[in-house]
Structure formats: C-alpha cells, structure tokens
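Participant: One structure coming up, written as structure tokens, with questions to follow.
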Amino acid sequence: MKRLKNITGILTGMITLLLLLLAIYSVAAAYQEKRNGTPFFFLGWKPVLVLSDSMEPTFHTGSILIVREQETEEPEPGDIVMFPIETGREHAYVTHRIVSREQDGYITKGDNNNAPDFGIRAREDILGTVTHILF
C-alpha cells in the first residue's frame, strides 16, 4: 500500500510539473507571437486550440492539435495545414485541409464547410502541418 502511495505521489508530481511547463510555454508563446506577429514554434512544434467547427468530424471545437512547422517538405492534398488569414484581427490562423494543388499554390477547405476557402494559399503561406490530434 505504501508503494502505491509513492507511485501515485510521483505521478501526481510529474503531471503537475508537466502542466506548469505547459503554462509557462503558453505564456512565452503568446508573448512571442504578439511581439513578432508570427506563430511561435518551440523546436519546430506548436500546440493549437481549435476555435470553430469547420473541421468536424475530423476534430472538434476545443480540440488541441499539434502542428509541425513547415520546413522543406511540400504539403500534399489531404494534409491538414495552418495558414494566416486576413480578418481585421491580429495574427489569425486557420487549420484546414488541402483539397488540391494548383500551379500557383493550394486550395484549402474545412471538412465541415460546403465550399473551399477563398483564394489560393501560396507555399510560403503554409506555416505548418497537423501531425497529432490530442483531444
């Protein structure tokens, strides 16, 4: 029984430490994004909170995604990518699926949307690719 309490204490401590590190990362990332005007990727990775239902049923509002920074590899149709949009707000980003590749760039669409997104996304506009859906 004592051993179980020790294991539970260690696990609780590890989870608390992980949550603390995540909170520190979130504050640092928000500060960097506000200051630089670009998403903050830590070691090439960025957690993203989903704010709309445009990609249901693939993921839902409130889901947390892990986005890998786009480097040299070319995104392909079917990839879910993050890109900036003009909304009048600061630093707004969308995470939608590439539905086709055109000569000038990519056509994207939310899985739950009836029509593709407006315009073509140039290669340099693709900031990252979703690699994991946490929940």
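Participant: Which of the listed residues, Met55, Phe42, Pro77, is farthest toward the dipole's positive end in segment 5-135, when Lys, Arg count +1 and Asp, Glu count -1 at the beta-carbon?
Facilitator: With unit charges placed on the Cβ atoms, the residue in question is Phe42.
Participant: Which aspartates and glutamates, on any chain, are close to Lys46 with Cα under 14 Å apart, when same-chain ones fewer than 8 places away are left out?
Facilitator: Lys46 reaches Glu33, Glu69, Glu71.
Participant: Any chance you could give the angle, 0 to 90 degrees and rounded to 10, that helix 2-36 forms with the longest Cα principal axis of the chain?
Facilitator: 30
Participant: Using a ≥ b ≥ c from the Cα gyration tensor of segment 37-105 (square roots of the eigenvalues), is it rounded, prolate or oblate, where a/c under 1.5 gives rounded and otherwise the larger of a/b and b/c decides, a/b for prolate?
Facilitator: rounded
Participant: Which label marks the calculated value of volume of the Cα convex hull per residue in Å³, given the options (i) 120; (ii) 109; (iii) 137?
Facilitator: Here the calculated entry is (iii).
Participant: Assuming R0 = 25 Å, can you tell me the calculated FRET efficiency for the pair Glu102 and Thr72, based on Cβ-Cβ distance, to the nearest 0.05?
Facilitator: According to the calculation, E is roughly 0.75.
Participant: For the chain, what is the relative contact order in percent, using Cα pairs closer than 8 Å and at least 6 residues apart in sequence?
Facilitator: 22
Each reported figure results from applying straightforward, stated rules to the coordinates on display, with no laboratory input. Source: prediction; values computed, not measured. Ideal geometry is used to build each Cβ from the backbone, glycine not excepted, and the neighbour counts take in all protein chains shown.
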